[in-house]
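Colleague: There's a structure below that I have some questions on.
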Amino acid sequence: MKEEGYNPFRTAQAQFDKVAEMLQLDAGTRELLRNTQREYHFSIPVRKDSGEVEVFRGFRVVHNDARGPAKGGVRFHPQETIDTVRALAMWMTWKCAVVDIPLGGGKGGVVCNPHDLTLHEQELLCRGWVRQVGWDIGPVRDVPAPDVYTNPQHMVWMMDEYETMHAGKYPGVITGKPVGLGGSLGRTEATGYGVVYTVREALKEVGIDIKGTTASCQGFGNVAQYAIELFQQLGGKVIAASFWDEGDKTAYTFRRESGLNMDELRPITDRLGAINKEKATQLGYEILPADAWIEQDVDILIPAALENQINESTVLKISKRVKLIAEGANGPTTIEADKVIHQRGIFLIPDFLANAGGVTCSYFEQVQSNTNFYWTKEEVLQRLDEKMTTAFHAVYELAKRRNLYMRDAAYVISIDRVAQAVKARGWV
Ligand code: NAD
């Protein structure tokens, strides 16, 4: 989303340029991969419940589909910009490539605030979005998914509109559908569990037993809750997490040295990942300021809320005890803070590797939808573990062999895979 002076697409291109140089990519490949492959910009007229028509701006961008159909969410957000969509599409290309799933990168969006729209108006917006791109998306071409402010219900409306246009059943056109209507078991857990699969492997590599390690998280939403659940099942202890309190318009950290108990916390947590402070206090949790999560004397930090959270000032608050940072959120670390983390020798699992469990499970959903045969939750999670573990080790081995920072190693692997695909196809 838009921030003064910050253009995410320029950042994405700068990251690409650095690695293109390391890989000595030829000029044609660089030109192709630093730009988007195709873009759709369109208007979506919606007749609102009041009878008035409001026209929304919509986008779908495919950054690259050399490795397979494009994959990426559709955001509904008032500050959506085409450059945000372009950047997110490019990052999707690298994310799919790093976990080696046969998909490219795409992203979509609508400039709107769904909170100001009734459910009926949201349905018309979803159907209107599909009517504009319904001939350019599809199970073998480009597969949308939920993202910020879009959910499984929006995906069902979009699928239904697509199926009406194409006169058939094509559940593989979209992912993030509810279980029972083409969704996959395990999708809810996938991103958080995926983060912990990579944490588990990283700890093995540095010779630390996960049992007895401690962690602190930023955020207590989908990613954080399932990361905490699995980390604790494996014997670790999470002592703190933070959340945004909409009532107070501020974030807080909650902490309990003996560890968070998910069974008692879930019932006092709302849909948006905020806990009830009074009830938490009664259960023995301390309520601390927003940044307290990053100051904890723990072994592992898991930022799992927003972008730009570990920055020039907050990075200085990280305890000397921290050995590992696993980026559950997208883009939680600024370029300045990244340098400090690198210099301090903290093991970093970069976002597009650590949180790739979500897209990997979406890929599994697509496979199940396309074959019309659905797997058990155990099968989904076992395959997810295999994919994440293999991807982690490929990045780690390269980082070790070429003495690279983990983020750079992950970029080298993904960009090299996509560059090889465009070359093999004879595009460059
Ligand atoms: P979510 O909406 O379920 O939870 C977000 C959490 O962050 C909530 O607990 C909220 O209270 C908290 N939060 C918001 N602002 C905060 C602040 N200023 N300080 C502290 N906490 C704050 O979101 P999610 O699905 O868990 O996603 C979290 C991050 O992970 C995002 O960056 C998202 O893009 C990324 N991600 C999510 C998935 C997925 O499958 N859910 C996949 C890949 C990446």
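Colleague: Subtracting the Cα-Cα distance from 0.36 nm times the residue separation, let me have the gained length for Tyr40 to Leu23 in nm, one decimal.
Modeller: Contour length minus Cα-Cα distance gives 3.0 nm.
Colleague: Among rounded, prolate and oblate, which fits region 87-194 when a ≥ b ≥ c are the square roots of the eigenvalues of its C-alpha gyration tensor, a/c under 1.5 means rounded, and a/b larger than b/c means prolate?
Modeller: Here region 87-194 falls in the rounded category.
Colleague: Could you list the square roots of 5 times each eigenvalue of the Cα gyration tensor of region 276-357, that is, the equivalent ellipsoid semi-axes, sorted largest first and rounded to whole Å?
Modeller: Whole-Å semi-axes of the equivalent ellipsoid: 24, 15, 12.
Colleague: Given DSSP loops and a limit of at most 13 other Cβ atoms within 10 Å, what is the longest stretch of the chain that contains no such GluC sites (Glu not before Pro)?
Modeller: The longest uninterrupted stretch comes out as 53-245.
Colleague: Would you mind counting up the charge near Pro267? Only other residues with Cβ under 14 Å from its Cβ, with Lys and Arg at +1 and Asp and Glu at -1.
Modeller: Taking every other residue near Pro267 into account, the sum is -1.
Colleague: Using 0.36 nm per residue of separation minus the Cα-Cα distance, give me the extension gain between Glu52 and Lys169 in nm, one decimal.
Modeller: Working it through step by step, the gained length comes to 38.8 nm.
Colleague: May I pose another question? Net charge within 14 Å of Trp157 by Cβ-Cβ distance, Lys/Arg positive one each and Asp/Glu negative one each, not counting Trp157 itself?
Modeller: So the surrounding residues net to -2.
Colleague: While we're on this one: Calculate, for the chain, the solvent-accessible area per residue in square angstrom, rolling a 1.4 angstrom probe over the heavy atoms of the protein chains.
Modeller: Accessible area per residue, the chain: 42 Å².
Colleague: Right, next: Would you report the distance distribution of C-alpha pairs in the chain as whole percents per 20 angstrom bin, up to the bin with the largest distance?
Modeller: Final binned percentages: 26, 59, 15, 0.
Colleague: For His115 and Gln79 in one chain, what is 0.36 nm times their gap in residues minus the Cα-Cα distance, to one decimal in nm?
Modeller: 11.6 nm
Colleague: Would you kindly find the accessible area of His120, with a 1.4 Å probe and non-protein molecules such as ligands, DNA and RNA excluded, rounding to the nearest 10 Å²?
Modeller: In the full protein context, His120 sits at about 100 Å².
Colleague: Just how much of Lys279 is accessible, in Å², when a 1.4 Å probe is used and the result is rounded to the nearest 10?
Modeller: About 100 Å², ignoring ligands and nucleic acids.
Colleague: Taking 2.2 N^0.38 Å as the expected size of a compact globular protein, what ratio does the Cα radius of gyration of region 56-102 give against it, to two decimals?
Modeller: Rg over 2.2 N^0.38 Å, computed on Cα atoms: 1.20.
Colleague: With runs of 4+ DSSP H residues as the only contributors, calculate the mean residue ellipticity of the chain at 222 nm using -39,500 (n - 2.57) per run, divided by the residue total and rounded to the nearest 500.
Modeller: Computed mean residue ellipticity for the chain: -14000 deg cm²/dmol.
Colleague: Any lysines with Cα under 22 Å of the Lys237 Cα? List them, leaving off those in the same chain fewer than 8 positions away.
Modeller: Excluding near neighbours in sequence, the set is Lys204, Lys211, Lys277, Lys279, Lys317, Lys320, Lys323.
Colleague: Looking only at region 165-202, which residues have a backbone nitrogen under 16 Å from a spot 7 Å from the Cα of Thr376 in the C-beta direction?
Modeller: Answer for region 165-202: 185-186.
Colleague: Binning at 5 angstrom from zero up to the longest distance, how are the C-alpha pair distances of region 218-334 distributed in percent?
Modeller: It works out to 2, 12, 24, 28, 21, 11, 3, 0, in whole percents.
Colleague: Now for a different question. Among Ala290, Ala87, Ala241, which one shows the biggest mean-square fluctuation in a GNM of the chain, springs joining Cα atoms closer than 10 Å?
Modeller: Looking only at Ala290, Ala87, Ala241, the largest GNM fluctuation is found for Ala290.
Colleague: Is the shape of region 78-121 best called rounded, prolate or oblate, per the rule: a/c under 1.5 gives rounded, else a/b larger than b/c gives prolate, else oblate, with a ≥ b ≥ c the square roots of the Cα gyration tensor eigenvalues?
Modeller: Judged from the Cα gyration tensor, region 78-121 comes out prolate (a/c at least 1.5, a/b above b/c).
Colleague: For region 173-252, what does the alpha-carbon gyration tensor say about shape, rounded, prolate or oblate, given a ≥ b ≥ c as the root eigenvalues, a/c under 1.5 as rounded, and a/b over b/c as prolate?
Modeller: Oblate shape, in that a/c is at least 1.5 and b/c is the bigger or equal ratio.
Colleague: A further question on this structure: Please find, in a Gaussian network model of the chain (springs between Cα atoms separated by less than 10 Å), the residue of Arg402, Arg34, Arg256 whose mean-square fluctuation is greatest.
Modeller: Of the options given, Arg402 has the highest mean-square fluctuation.
Colleague: Something else about it: Of Gln366, Tyr162, Phe76, which is farthest towards the positive pole of the chain's charge dipole, taken about the Cα centre with +1 and -1 on the beta-carbons of Lys, Arg and Asp, Glu respectively?
Modeller: Gln366
Colleague: I'd like the Karplus ³J(HN,Hα) series for region 76-81: coefficients 6.51, -1.76, 1.60, θ = phi - 60°, whole numbers in Hz, and an x wherever there's a Gly or Pro.
Modeller: Here the 3J(HN,Hα) series is 10, 8, x, 9, 4, 10 Hz.
Colleague: Okay, next question. Among residues other than Leu181 whose Cβ falls under 12 Å from its Cβ, what is the net charge (Lys/Arg +1, Asp/Glu -1)?
Modeller: So the surrounding residues net to -1.
Colleague: Out of the total accessible area of the chain (probe 1.4 Å, heavy atoms of protein only), what percent is carbon and sulfur?
Modeller: Answer for the chain is 51 percent, counting heavy atoms of protein chains only.
Colleague: Same structure again: With every protein chain present, what accessible area does Thr250 have (1.4 Å probe, heavy atoms only), rounded to the nearest 10 Å²?
Modeller: Near enough 50 Å² of accessible area.
Colleague: Let me see the P(r) profile for region 380-428: every Cα-Cα distance counted, bins of 5 Å, each bin given as a percent of all pairs.
Modeller: Calculated over all Cα pairs of region 380-428, the distribution is 5, 21, 19, 17, 17, 15, 5, 1 percent.
Colleague: If you don't mind, another one. Name the residues whose placed amide hydrogens come within less than 5 Å of the amide hydrogen of Cys217, ignoring near sequence neighbours (fewer than 5 apart) on the same chain.
Modeller: Result for Cys217 returns Ala240, Ala241, Ser242, Ile302.
Colleague: Which log10 I(q)/I(0) values, to two decimals, does region 280-428 give at q = 0.19 Å⁻¹ under the Debye formula with one point per Cα?
Modeller: Ignoring solvent entirely, the Cα scatterers give -1.19.
Colleague: Can you pull the one-decimal nm distance between simple spin-label points at Ile346 and Leu404, each 7 Å off the Cα toward Cβ?
Modeller: 2.2 nm
Colleague: Whole Å is fine, so just give me how far the alpha carbon centre of region 286-345 lies from that of region 86-131.
Modeller: Measuring centre to centre over Cα atoms gives 28 Å.
The values are calculated or read from the model by the stated rules, or taken from the named source; none is laboratory data. Quantities reported herein were computed from a predicted structural model and do not represent experimental measurements. With ideal geometry, Cβ positions are generated from the backbone for all residues, glycine too; neighbour counts draw on all protein chains shown. What goes into the accessible areas is simple: the full protein's heavy atoms, side chains included, and nothing from ligands, DNA or RNA. Shrake-Rupley method; radii C 1.70, N 1.55, O 1.52, S 1.80 Å.
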